[in-house]
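Just below is one structure, and these are the notes that go with it.
The values are calculated or read from the model by the stated rules, or taken from the named source; none is laboratory data. In this text the structure is predicted, and so the values were computed from the model without any measurement. Glycine gets a Cβ as well: all are built from the backbone with ideal geometry, and neighbour counts include every protein chain shown. Ligands, DNA and RNA are excluded from the accessible area calculation, which covers all protein heavy atoms including side chains. Shrake-Rupley method; radii C 1.70, N 1.55, O 1.52, S 1.80 Å.
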Amino acid sequence: MGFKFEQGKMYMMPVFFGPTTTMQSMDGKLMLHQPATVECLGVSFETNPEQIEALLPKGFTSNAPVISVQACEFADIGWLAGHTYTLINVSTPVNFKGEKDNVDGDLVLVMFENHADPIVAGRDGIGYSKIYADMPKFTHYEGVYTAKASSWDFEFMKIQIDLNKKAEDPEQMMKLAAQSQGKINYRYIPSVDDVTVPEISYPVFNPKKWEKPADYKWEIKEPQMQFCGGTVEFKEPAWEDMPTYYRVGKGLADLEIKKYLGAQHIIYTEPCDYMHSYRLR
């Protein structure tokens, strides 16, 4: 008997070996997992409104000319059987208004991760703009935390926060965080018949609000957060440094840092339940 898709089960390429076990058990039922423990280093800065507008697809408007960069170490991840990976999320606060939906959120411009599994699951499943980068563990010395990222041995980003310094404008950071209803991504897959046109092209919303399932047995702890000073540096690559994603490295390096709003050090637990994301219309 030849290969057949099983109805009601989730698949990811390669499909030949059966349904994925990423978020479901071998029998296809959705699984509950222990939450990840997350340490996050975040820096926010104001940039030129024109640079933000140039990045926004149809239906989007900027809520503030601000870029937020977060480096996060996800540890003890339940859906990855306790493994750990690191990500860097670059986002900007926006409003999306379509024929049906009207939401405020953080538009993910790019998310770098240092393992293929979360990249593939996030891109295929809910359209996150994820790409690979090498990221060592954070360093921490006398209140100063540092995170770095590189591609093909080219270090294109360095983020540093200093708990000994005060944030420049924590009130604005809190205001933008409160305004956001969740993360917004833009899912895009080119057509095989003509790679210059999309097979799929639409925004996706991952709501911030999460309802704990009745049978969820793990504790979700209150975040421990401290505002502080910090900086982020994007280094402009030559094409040879980042041949596939040169446009991303150059685009980030071109963003003007007009002034910093501040930085954050956050430790929290994350259920990593993204199955409630939906397409915006």
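How many residues, within segment 132-144, are assigned to a strand (DSSP E or B), closer than 19 Å to Lys235 by Cβ and touching a strand residue (DSSP E or B) at 6+ places or on another chain (Cβ under 6 Å)?
As a first pass, look at segment 132-144 and keep what is assigned to a strand (DSSP E or B): 132, 134, 139-141, 144.
Restricting the remaining residues to those that are closer than 19 Å to Lys235 by Cβ gives 132, 134, 139.
Retained after the next criterion (residues that are touching a strand residue (DSSP E or B) at 6+ places or on another chain (Cβ under 6 Å)): 134, 139.
The total comes to 2.
Return the residues of segment 217-253 that are crowded, with 19+ Cβ neighbours inside 10 Å, of a type in the set (A, V, I, L, M) and over 30 Å from Lys97 (Cα atoms); say none if nothing qualifies.
Answer for segment 217-253, where residues must be crowded, with 19+ Cβ neighbours inside 10 Å, of a type in the set (A, V, I, L, M) and over 30 Å from Lys97 (Cα atoms): Val232, Met242.
Looking only at residues in segment 201-216 that are under 18 Å from the mean Cα position of the chain (by Cα) and more than 12 Å from Tyr278 (Cα to Cα), which one is surrounded by the most Cβ atoms within 10 Å (Cβ to Cβ)? Full working, then the answer.
Residues of segment 201-216 that are under 18 Å from the mean Cα position of the chain (by Cα), as a first pass: 202-210.
Pick out the ones that are also more than 12 Å from Tyr278 (Cα to Cα) and you get 208-210.
Working: Lys208: 12, Lys209: 7, Trp210: 14.
Ranking the candidates gives Trp210 first.
Among what's in segment 151-191 and is over 30 Å from Leu280 (Cα atoms) and touching a Pro at 6+ places or on another chain (Cβ under 9 Å), pick the residue that is most open to solvent (accessible area, probe 1.4 Å).
Going through segment 151-191, the residues over 30 Å from Leu280 (Cα atoms) turn out to be 151-170.
Restricting the remaining residues to those that are touching a Pro at 6+ places or on another chain (Cβ under 9 Å) gives 151-152, 154, 156.
Numbers: Ser151: 22, Trp152: 194, Phe154: 40, Phe156: 3 Å².
My answer is Trp152.
Grab the strands (runs of 3 or more DSSP E) fully contained in segment 1-102, keeping just those with 3 or more residues being of a type outside the set (Val, Ile, Thr). Spell out the reasoning first.
Numbers: elements: 36-46, 60-62, 66-77, 83-97.
Ranges flagged: 36-46, 66-77, 83-97.
If only one of Pro93, Pro19, Pro14, Pro57 is more than 21 Å from Asp124 (Cβ to Cβ) and either of a type outside the set (Ser, Thr, Tyr) or surrounded by fewer than 21 Cβ atoms within 10 Å (Cβ to Cβ) (or both), which one is it?
Details: Pro19 fails: more than 21 Å from Asp124 (Cβ to Cβ); Pro14 fails: more than 21 Å from Asp124 (Cβ to Cβ); Pro57 fails: more than 21 Å from Asp124 (Cβ to Cβ).
Criteria check complete, one pass: Pro93.
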